[in-house]
Amino acid sequence: ISLYEQLFEQIFYTPADDKMFKTKETIDGLKTIITHNFNITIAQMESKSSNDTYVKARQLFFTMLYADGYGSLKTIGSLLNKNHATVLHSKLVIQQLYETKDIKYYSMINKVIEYYNFHKKLLKIFI
């Protein structure tokens, strides 16, 4: 089973939720979850810096949105002023980190998935 299939299984998702989860609240929530777990600011994640931590945070952001069916590669990339190829590369990098259980990032990826699931459940309740 691929990383993306695992993400879809782990993320609380039903087809009727598509419209609700393509909102600013979802994107901002995901940014907050990722930056909190990576111990960086949103501005650092959105920067053009090639610092490994910032890059991995951006890559996980792109991967989570892609796995959640947010939109096309181009649409997802445009959220951080990146192109579709960056999003595609991000998916492959995160998949490799996850499948090899990378010492530094594996637990962070799992925490982000867990918190994102919880965030989406809260959105269902309050929106």
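Please give the solvent-accessible surface of Tyr115 in Å², to the nearest 10, using a probe radius of 1.4 Å with every protein chain present.
Accessible area of Tyr115: about 100 Å².
Holding the Cα-Cα limit at 23 Å, pick out from Lys74/Lys101; Lys48/Lys74; Lys82/Lys104; Lys82/Lys111; Lys82/Lys121; Lys91/Lys120 the pairs that are longer than that.
Those over the limit are Lys74/Lys101; Lys82/Lys104; Lys82/Lys111; Lys82/Lys121.
Show me 59-67, 45-53 ranked by packing, highest mean number of other Cβ atoms within 10 Å first.
59-67, 45-53
Using 0.36 nm times the number of residues separating Glu25 and Leu122, minus their current alpha carbon distance, what extension gain do you get? Write down the numbers at each step before the final one.
Numbers: separation 97, 0.36 × 97 = 34.92 nm, distance 1.10 nm.
Length difference between fully extended and current span is 33.8 nm.
So how much slack lies between Lys74 and Thr32, counting 0.36 nm per residue of separation and subtracting their Cα-Cα distance, in nm?
Here the segment from Lys74 to Thr32 would lengthen by 12.9 nm.
Tell me the net charge near Met45. Cut-off is 15 Å between Cβ atoms, Met45 excluded, with +1 for each Lys or Arg and -1 for each Asp or Glu.
Values: positive: Lys31, Lys48, Lys56, Arg58, Lys82; negative: Asp28, Glu46, Asp52.
Neighbourhood net charge equals +2.
For Leu88 and Tyr106, compute 0.36 nm times the residue count separating them, minus their Cα-Cα distance, and round to one decimal in nm.
4.5 nm
The values are calculated or read from the model by the stated rules, or taken from the named source; none is laboratory data. No experiment lies behind these values; they were computed from the predicted model shown. In this analysis, Cβ positions are derived from the backbone assuming ideal geometry, glycine residues included, and neighbour counts consider all displayed protein chains. Side chains are part of the model used for accessible areas, which takes the heavy atoms of the whole protein and leaves out ligands, DNA and RNA. Shrake-Rupley method; radii C 1.70, N 1.55, O 1.52, S 1.80 Å.
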